[in-house]
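Written out below as C-alpha cells is the structure these notes cover.
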Amino acid sequence: MTSGRQPLFFYALAGSLRKASSNRALLEALCAIAPSGITIEICDLIGDLPIFNPDREADDMPASVLALTAKIRAADGLIISSPEYAHGIPGGLKNALDWLVSRDEIPHKPVMLIHASHRGDSALEALTEVLKTMSVRLVEETSFRINLLGKTPEQRRAILADSETRVILMKNLQRFAQAIARTGADQTD
C-alpha cells in the first residue's frame, strides 16, 4: 500500500468449519502475505451461529450474530473461500448469510471470492447468486482458484509457499484493495 491511503480491514469467511480446511489454509496464506496497510481477520463465528430464525432478528438477536454483523460492518471488504458440499453452499456459511440478508451491513460491501479446488463450480454459482441477491459488490477480477483439494497438509504448505502462488495471492489482494480505493474515490468526487 502506498502512503496516504487509509489502512484496509478485510474480514474473511471460510465456508468449511474443518480445522484442516483447505479453504481456511488459503485464507491463512492471504493473511500471511498481506502487505502493510491491509489487515485480514478470519471469522471464527460461523460455527457458533444458531440456525437462522427471522423471529430472532428484532429484539432477540443472538450475541454471536451481533458479533458477526459488527465485524462485517467494520470491514472494508469480505473475502470468502468456500468448498462445495453436495453441489451447494456449506450449511454453516449459508446460515451466516441468511442472518445477514435483511441487515444493512452487507449491501454494496465489496466481496472477493476465492476457491481451494479445481472443482466446485456448482457451489460458486450458488454462492454468487446468493451474494448478488444480497446486493454485495462482487469484485470478479479478484476471484481465483488454487488447487489444494486432496493434498496433504505438507503439500498444501508447499503450494501456498511457492513463489508463483504467492504472486497470485498478492496480485489479487492488491487488485481487491485497488477496487475498494477506486470506489472510495468515486464516492468522494
In nm², what is the average projected area of the convex hull enclosing the Cα atoms of the chain?
-> 11.1
Charge dipole magnitude, Cβ of K and R +1, D and E -1 - region 103-174, Cα centre, debye nearest 20 = 200
Within straight-line cross-link reach of K109, lysines at Cα separation under 22 Å, skipping those fewer than 8 residues along the same chain = K71, K94, K132, K171
When only DSSP loop residues count, what GluC sites (Glu not before Pro) in region 1-99 have their Cβ near at most 16 other Cβ atoms within 10 Å?
-> E57
Efficiency of FRET from Cβ geometry, D55 and H87, R₀ 25 Å, rounded to 0.05 | 0.25
Estimated dipole of the chain in Debye, rounded to 20 [Cβ of Lys and Arg +1, of Asp and Glu -1, Cα centre] | 640
Selection from S36, M61, L17, by position along the positive dipole direction of region 8-184 (Cβ) | S36
Check cross-link reach from K19 to the aspartates and glutamates: straight Cα distance under 13 Å, and skip same-chain residues fewer than eight apart.
-> E28, D44
Any chance you could check the Cα centroid distance between region 86-140 and region 151-169 for me, in angstrom?
-> 25
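Computed from the coordinates by the stated procedures, all read-outs in this text should not be read as laboratory data. Keep in mind that this is a model prediction, so the values were computed, not measured. When we count neighbours, we look across all protein chains shown, and the Cβ atoms used for this are built from the backbone with ideal geometry, even at glycine.
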